[in-house]
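See structure below.
The values are calculated or read from the model by the stated rules, or taken from the named source; none is laboratory data. Computed from a predicted structure; not experimentally measured. FYI the Cβ positions are ideal-geometry reconstructions off the backbone, even for glycines, and counts take in every protein chain you see. Please note that ligands, DNA and RNA were not included when accessible areas were found on the heavy atoms of the full protein model with its side chains. Shrake-Rupley method; radii C 1.70, N 1.55, O 1.52, S 1.80 Å.
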Amino acid sequence: MIIHGKEFSFGKRTYLMGILNITPDSFSDGGYFNQKDAALKHVQEMIKAGVDILDIGGESTRPGYEKITAQEEMERVLPILKAIRENFDIPISIDTYKSEVALAAAEEGADLLNDIWGFRLEVCQCKETKNKEQRYSNSISSMALAAVKTGLPICLMHNRMTACYKDFPKEIMEDLQESLEIAKKAGVDSEKIILDPGVGFGKTYENNLWILNHLEKFQQFGLPVLLGVSRKSVIGFTLDLPVTEREEGTIATSVLAVMKGCAFLRVHNVEANKRAIKMIEKILSME
């Protein structure tokens, strides 16, 4: 996969996606980097630490987050995105589920789209559907159309409005397959798709642990897998620690992800996770 003119070869190594939240209310670093100078300084630090991709988000997606309009989101992210593109030669992902923001970000130089609804927002909002075929025919994903229009790679994350499942392992795979069918119908190039099982989104604590224990199962789609667990509540609940003390738990999940073949890790602390990945990859390289 080519992102910002750089080749990402999957199966050989795990790449780091560094989180840059341009928000006042994100669960871990809300308000830290929503000013241009602070954001650029943090980007410089992540690049020095060895980040492979930056992921910029303008709307918090923590539990109970306050939704903002596409215009508000663009006012937050576009100036900083533009400044990063002017100052650094680094692949940039835009973390948004709004097609207007995705299109505008692409114009300013974003290289990857990261949709927390995996093209299924309209599907999840539709309450009266009777079967899958009706959902596909009646739901046109605006983000899928944006992906086609921009031609950019896309990360499709699993999500639901509520953590309500009869058979979680079966249903998460069906939901991801639905995302891929929507992508195919819209004309998205399958070679430009990354999948994210969506730890922490529309899932119970036990659901999140199941994902981590069975990461290898997501390889069945034949697509690169991204894992984002950095400082999330599954770590906090397990270790009984606040968000400021979850680094060791995050690194443990990163090591597990490398061992189970994940292509990308989305993290806050690039330096610590980079060191952990380097160590485990060296160990695994020995025959």
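So, of the residues in the stretch 212-221 that are over 19 Å from R13 (Cβ atoms), of a type outside the set (A, V, I, L, M, F, W, C) and in contact (Cβ under 8 Å) with a residue 40 or more places away in the chain, which turns out to be surrounded by the most Cβ atoms within 10 Å (Cβ to Cβ)? Can you show your working first?
First, the residues of the stretch 212-221 that are over 19 Å from R13 (Cβ atoms): 212-214, 217, 220-221.
Within this subset, residues satisfying the condition of being of a type outside the set (A, V, I, L, M, F, W, C) are 213-214, 217, 220.
Of the ones still in play, those that are also in contact (Cβ under 8 Å) with a residue 40 or more places away in the chain are 214, 217, 220.
Numbers: H214: 13, K217: 16, Q220: 10.
Per the criteria, the residue is K217.
Name every residue in the stretch 234-273 that is among the polar types (S, T, N, Q) and at pLDDT 95 or above, in order of residue number. The answer is T238, T250, T253, S254, N269, N273. Checking each residue in the stretch 32-69 for being assigned to a helix (DSSP H, G or I), at pLDDT 95 or above and among the small types (G, A, S) picks out only A49. For the stretch 256-272, the set of residues classified as buried (at least 17 other Cβ atoms within 10 Å of the Cβ) and either within 23 Å of K217 (Cα to Cα) or out of contact with any helix residue (DSSP H, G or I) (no Cβ under 8 Å at 6 or more places or on another chain) (or both) consists of A257, V258, K260, C262, A263, F264, L265, R266, V267, listed by residue number. For the stretch 222-246, filtering for residues that are open to solvent by 40 Å² or more (accessible area, probe 1.4 Å), part of a helix (DSSP H, G or I) and either of a type outside the set (A, V, I, L, M) or within 14 Å of A263 (Cα to Cα) (or both) leaves 5. Within the stretch 141-150, the set of residues being in a helix (DSSP H, G or I) and open to solvent by less than 10 Å² (accessible area, probe 1.4 Å) comprises M143, A144, A146, A147. May I ask you to list the residues in the stretch 89-105 that are within 18 Å of F119 (Cα to Cα) and open to solvent by 30 Å² or more (accessible area, probe 1.4 Å)? Correct list: Y97, E100, L103.
Would you please name the residue that is farthest from the chain's Cα centre (by Cα), looking only at residues in the stretch 151-177 that are buried (at least 18 other Cβ atoms within 10 Å of the Cβ) and farther than 14 Å from W117 by Cα? Going through the qualifying residues, I end up with L152.
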